[in-house]
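Take a look at the structure below.
The values are calculated or read from the model by the stated rules, or taken from the named source; none is laboratory data. Everything numeric here is computed off the predicted structure, so don't read it as measured data. Because the Cβ atoms are built from the backbone with ideal geometry, glycine has one as well, and the counts that use them run over all protein chains shown. With ligands, DNA and RNA removed, areas are computed over all heavy atoms of the protein, side chains included. Shrake-Rupley method; radii C 1.70, N 1.55, O 1.52, S 1.80 Å.
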Amino acid sequence: MLYRRDLKFDKTVSKYGRTYNGVTSICNRRYQGVAVLAVGVSLKDIDSMRLTYLIVISVCVVILGTFFSIAMLWWLHKRVIFPLKEIEDAASSFALKSRN
């Protein structure tokens, strides 16, 4: 069973580049150490994954922003601009008919 009470992390520089390491002991139910678990991840991998994530999020924001802007403009045209244009046309037609 893994107990998180002695989980340790550190950053090191090795011949493979910067790495992020985690070390913990694996204990049994009586809290006796039975093994040591160590994991190392290259920060180059983490940085590339983070960059990919940021690019995907940025592209999604741009696409959704464009979609919602177009949808808002369409809604404004349909619900506000077109009715105002019809009112303006009707008022112009009424004014022309009134003068004649």
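Quick one: which residue in LEU76, LEU51 is closer than 22 Å to ASN21 by Cα and of a type in the set (A, V, I, L, M)? Reasoning before the result, please.
Details: LEU76 fails: closer than 22 Å to ASN21 by Cα.
The conditions single out LEU51.
Kindly establish whether LEU84 is surrounded by 11 or more Cβ atoms within 10 Å (Cβ to Cβ) and not small (Gly, Ala, Ser). First the steps, then the outcome.
On the way: surrounded by 11 or more Cβ atoms within 10 Å (Cβ to Cβ): no; not small (Gly, Ala, Ser): yes.
When the stated conditions are applied, LEU84 does not pass them.
Within the group VAL23, VAL39, VAL13, VAL34, which residue is open to solvent by 100 Å² or more (accessible area, probe 1.4 Å), hydrophobic (A, V, I, L, M, F, W, C) and in contact with a strand residue (DSSP E or B) (Cβ under 8 Å, 6 or more places away or on another chain)?
VAL13
Being part of a helix (DSSP H, G or I), open to solvent by less than 70 Å² (accessible area, probe 1.4 Å), of a type in the set (S, T, N, Q) and at pLDDT below 95 is true for just one of SER58, SER98, SER48, SER69. Which residue is that?
Criteria check complete, one pass: SER48.
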